[in-house]
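Trainee: The structure follows.
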Amino acid sequence: MSELKEIIISSDKIHTDQYLVNMGPQHPSTHGVLRLLVQLEGEIVHHIQPHVGYIHSGIEKMCEAISYPQIIHLTDRMDYLSAHMNNEAVALCVENALQVEVPDRVKYIRTIMDELSRLASHQLWWCVMGMDLGALTTFFYGLRDREHILDIFEETCGARLTVNYNVPGGLMFDIHPNFQKRVKDFLKEFKKKLPEYDQLLSDNVIFRERTNNIGYLSLEDAISWGVTGPSGRGSGFSCDVRKHEPYSAYPLVQFQEKLDTKGDSFTRYKLRIDEMWESIRIIEQLIDNIPEGDYAVKMKGVIKLPEGEFYQRVETARGEFGVYIISDGKKNPYRVKFRSPGFSNLFALNKMAAGHKIADLVAIMSTLDLVIPDIDR
Amino acid sequence: MNAIFEYFGTIFKGVKTLLTGMKITGKYVFTPWKHVTQQYPENRETLKMFDRYRGEVIMPHNENNEHLCTGCGICELNCPNGSIEIISKMVVSEDGKKKRAIDQHIYHLGMCTFCNLCVKACPTGAIVMGQNFEHAVWDRSKLTKVLNQPGSKIAQGVKE
Ligand code: SF4
Ligand code: SF4
């Protein structure tokens, strides 16, 4: 009896110290193999240290041994949801280095494909975001709409995710005869579906409560951590490469860079929904005006870059993606470096989530739209 | 008093947004013909993949068991991950000249990333992408295939 008394008395004095919890590497809401070392005090998150490298595949090193067209097919596997943009970055980098001007047709098709990928990527992000917060319905609705885009890819490019559609100098194939019709049908349908996204999730009271004023990221932090894409633009950081350094057909189209300064989870969410509307607008401007012409310029059988350093950046669905190639004049590069948006965005997580509850950490992580192979590459 | 109004107002608004969402889900429950799900594998007979779908590398043969492959090895060079091995042999043609020909076109399906570079690079169009996607086998060694059929030879008039 006295022992029990002692325990009860001493339990009053139990020191609620901070403790460390591993979130991941197999946590379902990290959508991949990501480990966060979370320092907790009760339910409150104090500090987050992301640990990466669990699925590091050494793509940059592999690139040193293969030729430029072969590098493109590896970039599919980094940010698989933005495969077109990643492909395009390498293709543009090689074209700029060789000073090859691609036909207008190629530019138009590339831009349409980029925006379709962005739509598909944001759709997947939207449904996963709902799922992370416990709304499984959104998961099916998002995937349903994404399926139409994947069908378009499959018909024209031959694959759904790892498309490998861009080659240095143009495209792998011309567009499929059904392409324009399919895209227009999809847009018509999707413009009816997108308001449903708002009704299902954006206006939902539970969702609002869990995202409004949660996960604040200031403009200064966004810039100093290099947070790009919709996550950075939610904090007022104007970083859209499509606007600031236009490539392909982006100089020809009218669209807005969606910006907001509130910096919380809901803003980042809202910006992606707005971006989908902008993507639809861009595709609509281009789809009927694809100029006639070749779908690729003839390149040499073995592509050799001149000696030097080349850099090209593009806007993927997650932010700024950069390719940096150092060439020593051979058919394979001396060194390739990829600047992936996911990596920089992930490390700002500590700034956003510190001080919030651990359940909010999942919501905040969702708004960053992380793709793990993009981080680990 | 205001606090009470606000309290019930929030509840009312909350319920309303929930009902808005449920209206949409309800709409789909009662219009099931709009579903996009495919009944795979029941629909196997009618399932048709797109022409360009990249399922595997195949080498088409004509009715005389002839293919278009010269054994030049360009596909092997273009493959980023060594999925193709070309074993060529020397044959003596009818006019007495020695010529290179394909002995075995070995294709490792298990390593292939379906990038289409070999098909694009082949000068004679001897290999194409097939639409079959059901590649599951019990034994990994079954994924290594010889694309040129036994006893096949190169079709007449194919130039290197
Ligand atoms: S498949 Fe084509 S590229 Fe490959 S060895 Fe035969 S002819 Fe040459
Ligand atoms: S599709 Fe690509 S990976 Fe597969 S065999 Fe051809 S070149 Fe190699």
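Rule-based calculations on the coordinates, nothing more; no lab input. Given the structure is predicted, the values throughout are model-derived calculations rather than measurements. Methodologically, a virtual Cβ is constructed for each residue, glycine included, from the backbone with ideal geometry; neighbour enumeration extends over all protein chains shown.
Trainee: Tell me the net charge near A:Tyr269. Cut-off is 14 Å between Cβ atoms, A:Tyr269 excluded, with +1 for each Lys or Arg and -1 for each Asp or Glu.
Mentor: Numbers: positive: A:Arg208, A:Arg210, A:Arg233, A:Lys258, A:Lys262, A:Arg268, A:Lys270, A:Arg272; negative: A:Asp132, A:Asp198, A:Asp203, A:Glu209, A:Asp260, A:Asp264, A:Asp274, A:Glu275, A:Asp360, A:Asp369.
That sum, taken over residues with Cβ under 14 Å, equals -2.
Trainee: Taking only Cα atoms and a 10 Å spring cutoff, compute GNM fluctuations for chain A and point out the largest among A:Ser117, A:Ser231, A:Ser279.
Mentor: Ranking A:Ser117, A:Ser231, A:Ser279 by mean-square fluctuation puts A:Ser279 first.
Trainee: Moving on. Over all alpha-carbon pairs of the protein assembly as shown, lay out the pair-distance distribution in 20 Å bins, whole %, shortest bin first.
Mentor: Bins of 20 Å from zero give 19, 48, 25, 7, 1, 0 percent of pairs.
Trainee: Follow-up. May I ask you to sort B:Met49, A:Met113, A:Met172 by Cβ crowding, counting other Cβ atoms within 10 Å and putting the fewest first?
Mentor: Numbers: B:Met49 15, A:Met113 28, A:Met172 23.
Listing B:Met49, A:Met113, A:Met172 from fewest to most nearby Cβ atoms yields B:Met49, A:Met172, A:Met113.
Trainee: Hey, what did chain A get for relative contact order, percent, Cα under 8 Å, at least 6 apart?
Mentor: Numbers: 704 pairs, mean separation 95.5, N = 377.
Once normalised by length, the contact order is 25 percent.
Trainee: Straight distance only, please: which lysines reach the Cα of B:Lys97 with their own Cα at less than 20 Å, same-chain residues fewer than 8 apart left out?
Mentor: List returned: B:Lys89, B:Lys153, B:Lys159.
Trainee: Other chains near B:15-21: what is the mean number of their Cβ atoms within 10 Å of each residue's Cβ?
Mentor: Numbers: counts 1, 2, 10, 4, 0, 6, 12.
Shielding by partners across B:15-21 averages 5.
Trainee: Where does the longest stretch of chain A lie that holds no GluC sites (Glu not before Pro) found in a DSSP loop with 12 or fewer other Cβ atoms within 10 Å? Mind dumping the intermediate values first?
Mentor: Working: sites that count: A:Glu43, A:Glu101, A:Glu292, A:Glu307.
Within chain A, the longest run free of exposed GluC sites (Glu not before Pro) spans A:102-291.
Trainee: Within 10 Å of each Cβ of B:43-52, how many other protein chain Cβ atoms are there on average? Spell out each step's value before the answer.
Mentor: On the way: counts 0, 0, 0, 0, 0, 0, 3, 11, 3, 9.
If you average over the peptide's residues, the count of other-chain Cβ atoms is 3.
Trainee: Can you classify the range A:60-141 as rounded, prolate or oblate using the Cα gyration tensor, where a ≥ b ≥ c are the square roots of its eigenvalues, rounded means a/c under 1.5, and otherwise it's prolate if a/b beats b/c and oblate if not? Show your work: numbers first, answer last.
Mentor: Working: a/c = 4.67, a/b = 1.84, b/c = 2.53.
The shape class here is oblate.
Trainee: Please arrange A:Val302, A:Val33 by counting, for each residue, the other beta carbons lying within 10 Å of its beta carbon, fewest first. Mind dumping the intermediate values first?
Mentor: On the way: A:Val302 11, A:Val33 18.
Neighbour counts put them in this order, fewest first: A:Val302, A:Val33.
Trainee: Okay, moving on. Could you point to the residue in A:Thr75, A:Leu219, A:His176 farthest towards the positive end of the protein assembly as shown's charge dipole, with +1 and -1 charges on the Cβ of Lys/Arg and Asp/Glu respectively?
Mentor: A:His176
Trainee: Report the one residue of A:Pro25, A:Trp125, A:Ser57 whose Cα lies farthest in the direction of the positive end of the charge dipole of the range A:12-126 (charges on C-beta: Lys and Arg +1, Asp and Glu -1; origin at the Cα centre).
Mentor: Working it through, the farthest residue towards the positive pole turns out to be A:Ser57.
Trainee: Where in chain B is the longest stretch that carries no trypsin sites (Lys or Arg not before Pro) classed as loop by DSSP and with at most 11 other Cβ atoms within 10 Å? Don't skip to the end; give the middle numbers.
Mentor: On the way: sites that count: B:Arg44, B:Lys48, B:Lys97, B:Lys159.
It works out to B:98-158.
Trainee: Here is a follow-up. Which residue, B:Glu85, B:Glu94, B:Glu134, has the most motion in a Gaussian network model of chain B that connects Cα atoms within less than 10 Å?
Mentor: Top of the fluctuation ranking is B:Glu94.
Trainee: Continuing with this model, one more query. Calculate I(q)/I(0) for the range A:56-376 by the Debye formula, one identical point scatterer on each C-alpha and no solvent, and give its log10 at q = 0.09, 0.16 Å⁻¹ to two decimals.
Mentor: Scattering profile of the range A:56-376, log10 relative to I(0): -0.44, -1.36.
Trainee: If neighbour count is taken as other Cβ atoms inside 10 Å, put B:Trp33, A:Trp125, A:Trp225 in order from fewest to most. Write down the numbers at each step before the final one.
Mentor: Working: B:Trp33 4, A:Trp125 24, A:Trp225 20.
Least to most surrounded, the residues fall as B:Trp33, A:Trp225, A:Trp125.
Trainee: Same structure again: Specify which residue in the list A:Pro341, A:Ser279, A:Gly329 is farthest towards the positive end of the charge dipole of the range A:274-377, using unit charges on the beta carbon of Lys, Arg (+1) and Asp, Glu (-1), about the Cα centre.
Mentor: Checking the options against the dipole of the range A:274-377, the answer is A:Gly329.
Trainee: On C-alpha positions alone, give me the angle between the axis of helix B:2-29 and the longest principal axis of chain B, in degrees, nearest 10.
Mentor: The answer is roughly 40 degrees.
Trainee: Under a straight-distance cross-link criterion of Cα-Cα below 29 Å, which lysines are reachable from A:Lys61, leaving out those fewer than 8 residues away in the same chain?
Mentor: A:Lys298, A:Lys300, A:Lys304, A:Lys330, A:Lys331, A:Lys337, B:Lys120
Trainee: Let me ask something else about it. Given +1 on the Cβ of Lys and Arg, -1 on the Cβ of Asp and Glu, and no further charges, what dipole in debye does chain A carry about its Cα centre, rounded to the nearest 20? Display every interim value, and only then the final one.
Mentor: Details: 43 positive and 52 negative charges, 102 e Å.
So the dipole magnitude of chain A works out to roughly 480 debye.
Trainee: Moving on to the next point. Give, as a single signed number, the net charge of other residues whose beta carbon lies under 9 Å from the beta carbon of A:Asp151, with Lys and Arg counted +1 and Asp and Glu -1. Write out the running numbers ahead of the final one.
Mentor: Working: positive: A:Arg160, A:Arg182; negative: A:Glu147, A:Glu154, A:Glu155.
Local net charge: -1.
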